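What follows is a single structure, written as structure tokens, with notes after it.
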Amino acid sequence: MGLTIAQKIIKEHMLSGSMEVGCEIGLKIDQTLTQDATGTMAYLEFEAMGIPRVKTELSVAYIDHNTLQSGFENADDHKYIQTIAKKYGLYFSRPGNGICHQVHLERFGIPGKTLIGSDSHTPTGGGIGMLAFGAGGLDVAVAMGGGEYYINMPKMVKINLTGKLGDWVSAKDIILEVLRIMSVKGGVGKIIEYGGDGIKSLSVPERATITNMGAELGASTSIFPSDEITREFLEAQGREEDYIPLASDSDAVYDEVIDIDLSAIRPMVACPHSPDNVKSVRELSGIKVDQVCIGSCTNSSYVDMMKVAYILKGRTVSENVSLSVACGSKQVYNMIAANGALADIIASGARILECACGPCIGMGQSPNSGGISLRTFNRNFEGRSGTKDAQIYLVSPELAAYSAIKGVLSDPTELGCEPEIKLPDKFLINDNMIVPPAPTEKAGDIEVVRGPNIKPFPKTVPLEKSIQAECILKIGDNITTDHIMPAGAKILPYRSNIPYLSKYCFSVCDEGFSERAIKKNGGIIVGGANYGQGSSREHAALVPLYLGVKAVLAKSFARIHAANLINAGIIPLTFANEDDYEHISQGDELVLSDIKNDIESKDTTDIFNKTTGRSITLNLNLSKRQRDILVAGGLLNYTKGD
């Protein structure tokens, strides 16, 4: 039986486990990346391990999230990360050089390699044929130290693309169609592989748009073959030596196959407040628009920007619309400045932002109260934009630019024939904003700079025999990490300061949660299905840890968040019978009477609700390694104990 692309890379990198679906496997990691919102904590964790130098083939620290310096905090974090990188052997991408996923695709991504990053959109690398996973910062720290990265062996899904996209229909519309079909939970426990004759018309950046938003499917990762299109992209980046061909075997077996005819796709829109709430633009045309934001790691490539410039050229943004545009990298910015496209964008009335994540993570450009904002981003969770009652729609750059001109949500196919805009034969190569590490022999001379905003990793303790605690919060389905630990310009600067950050935990759902958790000396949280979807941010586990949360009971968990909870020493438990979710209320007193023994030796445990007198069975969906981590009190304790 043949192998899929992902199975081939897994087989080559597997250090432990078995390639049976559901079995835990340990992978050798070739490359890592971090960004500044998660990087400070990852490097604090790496320092705590006492390892003198990273052991990966390549590790890169990017500054792209917290670039709005309204106080000393972000600048301090950047200086800390830069000195850490210099000392411990990482490359450092300076503020303004671009978004981690875009720059990594351009300058560092290599087909067939493994990559993990402390950002959930790291699977962007699948567009160039990498096996790339989003992970918590502690998992990244362990990988930098030479440790294995563990996941449960996923199922394999083939999405077979046929035909060719019509005029003004884009890669963004493809992934929105996939989300419409599969939903935000449809990719859980799966790797999505794209194939079929339809991929031959998709460039590497277009493929990367699709793999980027595979994170919104809940997929472990997504991947395209490495083919002639991949080779041409690498050659244009001056990196042809990094190319290897990579394809699935003709007799590879998939657990699921989905066929999509590209010629049948029309411009799509993800409506508030979920990326899978997808409708065609024709169902929604005419909605008045207040704001349009073009950019993010999903849609800020050279061709994206050239198409935007073509649409805006000689036109003026509607007087009732605020349009912002951000390139994904300095490379793209330089190239559209040199060829005049940037001048066309500026002349239209667009506001030009730096090469960074910016509005995507609520770092500026929050919409007006109740405003309608069209964004070429990957997430439209409630409140993520920084405005609680804003209505966020996810769209392609083509639809965004045309709607900015019209003032209402509009179908870009009205523009007629699309011009042929291709990737250049040669990209402009200038890596002067990437700082190499110090030589090993000089690393000892580098002083790590720590500002007053940088606080230590929260302390964890070994698991006790039993847990008795109150249910201090009960919430519903599809709770995201943005609900648990919000982003935004007011909060992101404190990502390296867990005590301060704790004030905002669950503030989107319950503004009194943090105060209640402190008053009750911690407790237990009860959630619904797909708990913890969205970002890889481990702060959504570390802050509850700091507040004394002992366990989370849910119908189901998102993969990365479940791993982050375990790494933090918080027990993730699922209801054996989902109906039992209804039998716990906020304020109930709960008892896990023999939890340590159950974790060590059983697949289920019982929780007793003292308030109602009911006993409820919970599943312990844990590997032997995860059980040992929880007993030790978290991954850091477990790793140091080794």
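Rule-based calculations on the coordinates, nothing more; no lab input. Just so it is clear, the model here is predicted, and its values are computed rather than measured. Cβ coordinates were reconstructed from backbone atoms using ideal geometry, including for glycine residues, and neighbour counts include every protein chain displayed.
Listed values for the stretch 216-231 are Karplus-derived 3J(HN,Hα) couplings in whole Hz (6.51 cos²θ - 1.76 cosθ + 1.60, θ = phi - 60°), namely 6, 7, x, 5, 4, 6, 9, 8, 10, x, 9, 9, 4, 5, 5, 4, and x replaces Gly and Pro. In this simple spin-label model, placing a label point 7 Å from the Cα along the Cα-to-Cβ direction at both ALA75 and LYS640 gives a separation of 3.3 nm. Net charge dipole, the chain: roughly 1260 debye, given to the nearest 20, about the Cα centre with Cβ charges of +1 for Lys and Arg and -1 for Asp and Glu. Distance from the C-alpha centroid of the stretch 534-548 to that of the stretch 443-465: 16 Å, rounded to the whole angstrom. For the stretch 268-413, the fraction of C-alpha pairs more than 26 angstrom apart is 15%.
Taking a point 7 Å from the Cα of CYS23 along the Cα-to-Cβ direction, none of the residues of the stretch 107-140 has its backbone N closer than 17 Å to it. Taking a sphere under 10 Å around the Cβ of GLU589 and counting the other residues whose Cβ falls inside, with K and R at +1 and D and E at -1, yields a net charge of -1.
In the frame of its principal axes, the stretch 467-641 has Cα extents of 43, 38, 27 Å, reported largest first. Cross-link pairs exceeding 25 Å in C-alpha to C-alpha distance, out of LYS28/LYS455; LYS190/LYS555; LYS503/LYS610; LYS86/LYS426; LYS172/LYS288, comprise LYS28/LYS455; LYS503/LYS610; LYS86/LYS426.
Net charge near GLY370: determine it from the other residues with C-beta under 10 Å of the C-beta of GLY370, scoring Lys and Arg +1 and Asp and Glu -1. Value of the local net charge: -1. Only lysines eight or more places from LYS87 in sequence, or on another chain, were considered; those with a Cα closer than 16 Å are LYS55, LYS79, LYS442. Each residue of the stretch 315-332 was assigned a 3J(HN,Hα) from its phi angle through the Karplus expression (A = 6.51, B = -1.76, C = 1.60, θ = phi - 60°), giving 10, 10, 4, 3, 4, 9, 10, 9, 10, 10, 9, 9, 6, x, 8, 4, 4, 5 Hz with x at Gly and Pro. Could you work out the helix-only [θ] at 222 nm for the chain, with each DSSP H run of four or more residues adding -39,500 (n - 2.57) and the total divided by the number of residues, to the nearest 500 deg cm²/dmol? Per the formula, -8000 deg cm²/dmol.
The slack between LYS11 and ASP425, meaning 0.36 nm per residue of separation minus the straight C-alpha distance, is 145.6 nm. Based on alpha carbons, the Rg and Dmax found for the stretch 167-325 are 17.3, 57 Å. Going from the fewest other Cβ atoms within 10 Å to the most, the residues MET1, MET130 appear in the order MET1, MET130.
Each residue of the stretch 143-149 was assigned a 3J(HN,Hα) from its phi angle through the Karplus expression (A = 6.51, B = -1.76, C = 1.60, θ = phi - 60°), giving 5, 4, x, x, x, 6, 9 Hz with x at Gly and Pro. The base-10 log of I(q)/I(0) for the chain, evaluated at q = 0.05, 0.10 Å⁻¹, reads -0.20, -0.86 [Debye formula, identical scatterers on Cα atoms, solvent excluded].
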